[in-house]
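First the structure, then my questions, so here it is.
The values are calculated or read from the model by the stated rules, or taken from the named source; none is laboratory data. Everything numeric in this text was worked out from a predicted model, so none of it was measured. Because the Cβ atoms are built from the backbone with ideal geometry, glycine has one as well, and the counts that use them run over all protein chains shown.
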Amino acid sequence: MKMQEALDIINSCPPKGFMVAFEKIDGYILRSDHFPDKHAGESLIPTEEEAWELAGRFADKTKNSCVNFYVIKHDFTPVEGYKNRKIRDYP
C-alpha cells in the first residue's frame with residue numbers, strides 16, 4: 001500500500017446518514033434487513049426524521065411480511081430512543 005492510500009483511509013470521514021432496519025417474516029423465521037444498502041454504495045438517508053418517516057411508510061405497505069422497524073445510524077447501531085419509536089413489534 002502506498003503512503004497516500006493509507007493517509008486517505010486515515011483521513012476519510014465516515015459516511016453520515018441513517019438507514020431503516022426491519023425483519024422479514026419467512027415462515028417461522030425473522031430475517032434482518034435494512035435499506036438503503038450502504039455496502040452496495042447507495043446513499044444513506046440524510047436525516048433521522050426522514051428515516052423514521054420512510055420506516056412508517058414502508059411498514060404500512062408491508063403489513064403481513066415485515067416487522068420491527070427502527071432507524072439505525074451509518075455504523076449500524078440503533079439511534080437513541082429507538083425502543084420508544086419502534087414500529088410494529090412482532091406479536
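Listed residues L44, L30, L54; which is aliphatic (A, V, I, L, M) and more than 19 Å from D89 (Cβ to Cβ)?
So the residue among L44, L30, L54 that is aliphatic (A, V, I, L, M) and more than 19 Å from D89 (Cβ to Cβ) is L44.
Follow-up. Would you check which residues across segment 34-68 are over 18 Å from R85 (Cα atoms) and in contact with a Phe, Trp or Tyr (Cβ under 9 Å, 6 or more places away or on another chain) and list them?
K38, E42, L44, P46
Checking the condition loosely packed, with under 15 Cβ neighbours inside 10 Å and of a type outside the set (G, A, S), which residue from F18, F76 passes? Break it down into steps so the answer makes sense when it comes.
Details: F18 fails: loosely packed, with under 15 Cβ neighbours inside 10 Å.
The unique qualifying residue is F76.
Let me spell it out: the conditions are (1) assigned to a loop (DSSP other than H, G, I, E, B); (2) charged (D, E, K, R); (3) modelled with pLDDT of 95 or more, and D89 meets all of them except one. Which number is the exception?
D89 satisfies every listed condition except (3).
Conditions (1) in contact with a Lys or Arg (Cβ under 8 Å, 6 or more places away or on another chain); (2) loosely packed, with under 11 Cβ neighbours inside 10 Å; (3) small (G, A, S), marked per residue:
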residue: D33; (1), (2), (3): yes, no, no
residue: K38; (1), (2), (3): no, no, no
residue: E42; (1), (2), (3): no, no, no
residue: W52; (1), (2), (3): yes, no, no
residue: A55; (1), (2), (3): no, no, yes
residue: F69; (1), (2), (3): yes, no, no
residue: I72; (1), (2), (3): no, no, no
residue: Y82; (1), (2), (3): no, no, no
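A quick yes/no check of all residues on (1) under 12 Å from the mean Cα position of the chain (by Cα); (2) of a type outside the set (K, R):
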{"position": "Q4", "(1), (2)": "no, yes"}
{"position": "C13", "(1), (2)": "no, yes"}
{"position": "F22", "(1), (2)": "yes, yes"}
{"position": "R31", "(1), (2)": "no, no"}
